[in-house]
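Worksheet for the structure shown next.
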Amino acid sequence: MRARQALTAAWPPVLVAVLLLAGWQFYTSAAHVDPTTLPSPARVWEQGWENRADLWANTLPTLQETLLGFGLSFLAAWTVAVLLDFSAIARRGLYPLLVASQTIPIVAVAPLLIIWFGFGLLPKMLVVTLTTFFPLAANLAAGFAATDREAMRLLRSLGAGRLRTFRLVRVPSALPYFFAGLRVSITYAVIGAVFAEYAGAESGLGIYMQEQKSAFRTDLVFAAVAVTALLSIALFGATYLLQRLVLPWERAMKQEGRS
Amino acid sequence: MSPTRAGEHPGTDAPGPDLPRLDVRGVSKSFGPLDVLRGLDLSVRPGEFAAVIGPSGSGKSTLFNLVSGLDAPDAGTVLVDGAPADLRSRQVAYMPQKDLLFPWRTVLDNTALGLEAQGTRRREARKRAVGLFEAFGLDGFQGSYPFQLSGGMRQRAALLRTVVLERPVLLLDEPFGALDSLTRTEMQLWLAEMWQRYGWTVVLVTHDIREAVMLADTVHVLSPRPARVVQTIEVPLARPRGLDALADPAFAETERRILDVLQDRDVLPDRHVPQDRDVPQDRPAEAGIR
């Protein structure tokens, strides 16, 4: 039953994608487009497959940067959001700065990070953290703040202190918000890593794209782009799996609604 | 957490019968320019079922906040078993109007929440809560989520969460207000039965005159803001009360008396009782202001 529903949801975007690829394929062969300008999808696939070892070798560092940077972002977002929730002073002092930090162009910061921290893992992690931190922290803080006031009153009347109230009500109420933020920021994460590699790296999909571009291997640039997209989609899908594990009641509720 | 927690076993360590379980004396409370309560007196005996009824906006929730210790009065005192009510002494268990069952907790975990909130370990809390499931008609629903329960069951779960704390005073804030009338009647009969069985001391706030008469020993009628108790009416119905009670002439008569007090804003202590009712004329004395 569930498989059928998934299928029903999946076929329209798949159909659109297939049509687009077919149109692209048709255009490149019919108009004899130079493959260094626009390779056909078949060529991208064929060359990508041929160079799969290279692609894979460059995917791993990108994935590592993404996951580590995102992990750091996760810790920082929880720390800051909890701090904002507990302290009015922190809220007044930090929140505007957090918003302001979003206006700093990563384009300018990424090369600086390379200058400061070298070509290794750390500057890439930091770029990922910078691009994903805000949606996470902001959603989490909003989630804490959206806790039902009546529920807070009830807990207080039962004798729960601030920490216990936080654990028993505020954190669980904030989790759906957190997952909303997680989905926004995870889509930025891979792009952040690729971008950081563009600014300078030894390996990774970003630097791979740049090298292939310089060698006029547009087909392999497209192949690397496809891998990047797949990574993002996989991570995006993983947030749903995680949510299902952490909030099993949500799914039970949806199923109840259907039956 | 204190070793001598009053009310750990309500009923067994009750102080003398002369000492009220809950004693609200001359309580006033205002918020800025808004006078909500002024000189409110109210007293509840151990094991008594008291109802507080009043026009909407008459400060019932303010009264509740004071009794549960969430808020402090500007003047007057709130005593539970002779000691001032405050949050830490854990004398009052409060059941809010909304059931406030958390969607992310199973029914069992929801009913254990009150204990967890006061610091009981989770396992112990669940063990104590589960012991009441059968009596509350919730057996078999321990692992369900609140949205899978009917309205009446949700209220019973919320009451279980309150009762399992075994505090000396139960404070129920319009617990059945959101239910349809059929379920509400069912729940009222059930609550009457549970009260009979467990001997709780209950303060029930309600808009519903019939509910007050059906359930309470004593009905305290509030004036509009700034609120005080304008009249305390004893309900002369026998216990245990079932649906038959509704047919008792005393039921309608008591309802009528409460309605009269609520409608007549300028109630005087020596108010003349209208002749068109079949009220025994030797009775109004007990309805006087206390």
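Check A:LYS213, A:LYS254 and return the single one that is within 14 Å of chain B (Cβ to nearest Cβ) and either loosely packed, with under 12 Cβ neighbours inside 10 Å or in a helix (DSSP H, G or I) (or both).
None of the others qualify; the one that does is A:LYS254.
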Against the definition (on the phi < 0 side of the Ramachandran plot and assigned to a loop (DSSP other than H, G, I, E, B)), how does B:ALA212 come out, yes or no? no
If A:VAL171 passes every condition in (1) buried (at least 18 other Cβ atoms within 10 Å of the Cβ); (2) within 24 Å of the chain's Cα centre (by Cα); (3) farther than 25 Å from A:LEU97 by Cβ; (4) not polar (S, T, N, Q) but one, which one does it miss? (3)
Number of positions in the range A:142-199 that are within 13 Å of chain B (Cβ to nearest Cβ) and closer than 18 Å to A:LEU63 by Cα: 0
Residue in the range A:229-243 that is within 14 Å of chain B (Cβ to nearest Cβ), of a type outside the set (Phe, Trp, Tyr) and part of a helix (DSSP H, G or I) present: yes
Hey, does the range A:177-186 have a residue that's touching a Gly at 6+ places or on another chain (Cβ under 7 Å) and within 16 Å of A:TRP78 (Cα to Cα)? yes
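Out of A:ARG153, A:ARG183, A:ARG167, which single residue is closer than 18 Å to A:LEU247 by Cα and without any contact (Cβ under 8 Å) to a residue 12 or more places away in the chain? Walk me through it before giving the result.
On the way: A:ARG153 fails: closer than 18 Å to A:LEU247 by Cα; A:ARG183 fails: without any contact (Cβ under 8 Å) to a residue 12 or more places away in the chain.
Answer to the selection: A:ARG167.
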Here is a list of conditions, (1) part of a helix (DSSP H, G or I); (2) at pLDDT 90 or above, and A:ALA100 meets all of them except one; can you say which number that is? (2)
The range A:131-141 - residue that is buried (at least 22 other Cβ atoms within 10 Å of the Cβ) and either closer than 28 Å to B:LEU87 by Cβ or hydrophobic (A, V, I, L, M, F, W, C) (or both) and, of those, nearest to the other protein chains (Cβ to nearest Cβ): A:LEU140
Scope the range B:49-82; condition in contact (Cβ under 8 Å) with a residue 60 or more places away in the chain and surrounded by fewer than 19 Cβ atoms within 10 Å (Cβ to Cβ); matching residues: B:PRO55, B:SER56, B:GLY57, B:SER61, B:GLY82
Inspect the range A:128-150 for any residue being within 27 Å of the chain's Cα centre (by Cα), without any contact (Cβ under 8 Å) to a residue 60 or more places away in the chain, part of a helix (DSSP H, G or I) and farther than 23 Å from A:LEU235 by Cβ and give the result as yes or no. no
Please give the number of the condition B:MET194 fails out of (1) hydrophobic (A, V, I, L, M, F, W, C); (2) under 11 Å from the mean Cα position of the chain (by Cα); (3) surrounded by fewer than 24 Cβ atoms within 10 Å (Cβ to Cβ). (2)
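Inspect all residues belonging to the range B:25-44 and state whether any of them is at pLDDT 85 or above, part of a loop (DSSP other than H, G, I, E, B) and surrounded by fewer than 17 Cβ atoms within 10 Å (Cβ to Cβ). Explain how you work it out, then say what you get.
Going through the range B:25-44, the residues at pLDDT 85 or above turn out to be B:25-44.
Cutting the leftovers down to part of a loop (DSSP other than H, G, I, E, B) gives us B:32-33.
Subsequent filtering for residues that are surrounded by fewer than 17 Cβ atoms within 10 Å (Cβ to Cβ) retains B:32-33.
Yes, because at least one residue in the range B:25-44 is at pLDDT 85 or above, part of a loop (DSSP other than H, G, I, E, B) and surrounded by fewer than 17 Cβ atoms within 10 Å (Cβ to Cβ).
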Test A:THR239 against the criterion of being at pLDDT below 95 and under 15 Å from A:LEU67 (Cβ atoms), and give yes or no. yes
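It is to be established whether one or more residues within the range A:9-23 are surrounded by 14 or more Cβ atoms within 10 Å (Cβ to Cβ) and not acidic (Asp, Glu).
Filtering the range A:9-23 for residues surrounded by 14 or more Cβ atoms within 10 Å (Cβ to Cβ) gives A:21.
With the extra rule that they be not acidic (Asp, Glu), the set shrinks to A:21.
Within the range A:9-23, one or more residues are surrounded by 14 or more Cβ atoms within 10 Å (Cβ to Cβ) and not acidic (Asp, Glu).
The values are calculated or read from the model by the stated rules, or taken from the named source; none is laboratory data. Everything quoted here is computed from the prediction, not taken from an experiment. When we count neighbours, we look across all protein chains shown, and the Cβ atoms used for this are built from the backbone with ideal geometry, even at glycine.
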